[in-house]
Amino acid sequence: MPYQFIAAPLSLYSGKARGYLRWKNIPYREVLSNRNVYESVILPRLGYGMVPVLITPDDQTVQDTTDIIDYLEKHEDGPSVYPQGPVQKLAALIMELFGDEWLLIAAMHYRWAYNEDFAYQEFGNTAFPELPKDERYALGKKAAEKFKGSLPFLGITPKTAPAIEKTYEEFLRAFDAHLAVHPFLFGTRPSIGDYGLLGPLYAHNYRDPASGAMMEKTAPRVADWARRAHAPQHPLTGDFIGNDMVPETLVPILKMFAREQLPILQDSIADLKKWVSDNPDTLELPRITGFHKYTIGGVEEDRAVFPYPLWMLQRVQDHYDSLSSAEKATADALLKRIGAADLMDMPVQPRLMRKDFKLMLA
Ligand SMILES: N[C@@H](CCC(=O)N[C@@H](CS)C(=O)NCC(=O)O)C(=O)O
């Protein structure tokens, strides 16, 4: 049995892991996460509904795209998506966090502001592929309610919509300029950071028709990158740029991370601490620990506080902690330059871990 990859074309995180599976030339079979698979495979294995899911040839279940990629990096041969260079790797991990959890805001906004009907049909096509088109649409609309309903929790409201678009366009222009020089974030080989960006930028903002048209127009090189990073075949594995260099053209994007996402993460740490002192006997974290004010493109709005991104932040910090003092000095220079000097001064405490598909206190 090859690997089974349970996923869906419209799913943001499926696109991230699929791009990786294809690049790494992993033998796998994709299984559509229709209602039947959801009920008979996903729910019993995870205890809740989430895609994508990887089932290994020896029948282990792996969920969370980061865990899927790390599992395959460990168990399969071939070139790695983690740069060897300590500073490149730090920047790549930051980009994964930025794509997975911050560009998610733009991905959700554009899907529901400009592609609503398409999305309803796609939800129905995924869950009930056997039904006629209009029934798929009607049931898809019902199935999509939860996702559309999550917008205010992510801080996506009429008040923030213009700022979300402004910051997303700024990101697109910066990434387009980078891609004029390098095919991927750190050279000719895609990195874990590329796959973090691929989630929001492929399944939502490239594949959703109105968003894809906007991407082609505003940032054609980003659309081309999305096709390449998700392409079925990669004749060349490519290489990371030498000398542990972080391209100058990534600095504007890393600055966006520092300006926009870092304060959210700082607040989330404070909220985690509060949640832990309010719930001293609970080890499993809820999806939301509280609510806070966040700022996007200078506009303030209420938003839920999610502890999960702190697990990803912890990965960034653990990597930094593993560096020698000389390497730390080079990493510090980059962090200072992008306005993220605080990043290593805000440990995730208490530490988090993922166990049995749950986010827990370590
Ligand atoms: N961090 C997870 C996120 C996965 C995720 O949010 N998947 C979405 C579809 S793209 C989902 O299944 N959501 C169901 C839910 O949130 O209840 C990962 O990387 O796998």
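The values are calculated or read from the model by the stated rules, or taken from the named source; none is laboratory data. This is a predicted model, so every value here is computed, not measured. When we count neighbours, we look across all protein chains shown, and the Cβ atoms used for this are built from the backbone with ideal geometry, even at glycine. In case anyone asks, the SASA skips ligands and DNA or RNA and just uses the protein heavy atoms, side chains included. Shrake-Rupley method; radii C 1.70, N 1.55, O 1.52, S 1.80 Å.
Remarks
- Of the strands (runs of 3 or more DSSP E) contained entirely in the range 12-130, those carrying at least 1 residues that are closer than 29 Å to Arg189 by Cβ, within 15 Å of the ligand (Cβ to nearest atom) and charged (D, E, K, R) fall at 28-32.
- Qualifying helices (runs of 4 or more DSSP H) (wholly inside the range 220-310; at least 2 residues being under 30 Å from Tyr28 (Cβ atoms) and touching a residue at least 12 places away in the same chain (Cβ under 8 Å)): 220-229
- Pick from the range 324-334, criterion free of Cβ contacts under 8 Å to residues at least 24 places away in the same chain and under 20 Å from Met256 (Cβ atoms), ranking: surrounded by the most Cβ atoms within 10 Å (Cβ to Cβ): Asp332
- For the range 1-39, the set of residues classified as out of contact with any strand residue (DSSP E or B) (no Cβ under 8 Å at 6 or more places or on another chain) and farther than 23 Å from Asp224 by Cα consists of Met1, Asn34, Arg35, Asn36, Tyr38, Glu39, listed by residue number.
Per-residue answers, yes or no, for (1) within 16 Å of the ligand (Cβ to nearest atom); (2) within 30 Å of Asn34 (Cβ to Cβ); (3) outside the structural domain of Ile105 (by TED's automatic domain parsing):
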| site | (1), (2), (3) |
| --- | --- |
| Ala163 | no, no, no |
| Arg173 | no, no, no |
| Ser211 | yes, yes, no |
| Thr218 | no, no, no |
| Arg227 | no, yes, no |
| Asp239 | no, no, no |
| Gly242 | no, no, no |
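- Hey, Leu254 surrounded by 21 or more Cβ atoms within 10 Å (Cβ to Cβ), within 16 Å of the ligand (Cβ to nearest atom) and closer than 25 Å to Phe306 by Cβ or not: no
Each row is one residue, and each column tells you yes or no for (1) under 25 Å from Thr157 (Cβ atoms); (2) within 18 Å of the chain's Cα centre (by Cα); (3) surrounded by fewer than 18 Cβ atoms within 10 Å (Cβ to Cβ); (4) within 16 Å of the ligand (Cβ to nearest atom).
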residue	(1), (2), (3), (4)
Tyr294	yes, no, no, no
Glu300	yes, no, yes, no
Val316	no, yes, no, yes
Ser322	no, no, yes, no
Arg337	no, no, yes, no
Ala341	no, no, yes, no
Asp345	no, no, yes, no
Pro350	no, no, yes, no
Arg354	no, yes, yes, yes
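- Extreme residue, nearest to the ligand (Cβ to nearest atom), among residues of the range 1-11 that are open to solvent by 30 Å² or more (accessible area, probe 1.4 Å) and more than 18 Å from Phe123 (Cβ to Cβ): Gln4
- Members of the range 76-86 that are open to solvent by 10 Å² or more (accessible area, probe 1.4 Å), more than 14 Å from Thr66 (Cβ to Cβ) and touching a residue at least 60 places away in the same chain (Cβ under 8 Å): Gly78, Pro79, Gln84, Gly85, Pro86
- Any hit, the range 197-219, residues being surrounded by 15 or more Cβ atoms within 10 Å (Cβ to Cβ), within 17 Å of Leu250 (Cα to Cα) and free of Cβ contacts under 8 Å to residues at least 60 places away in the same chain: yes
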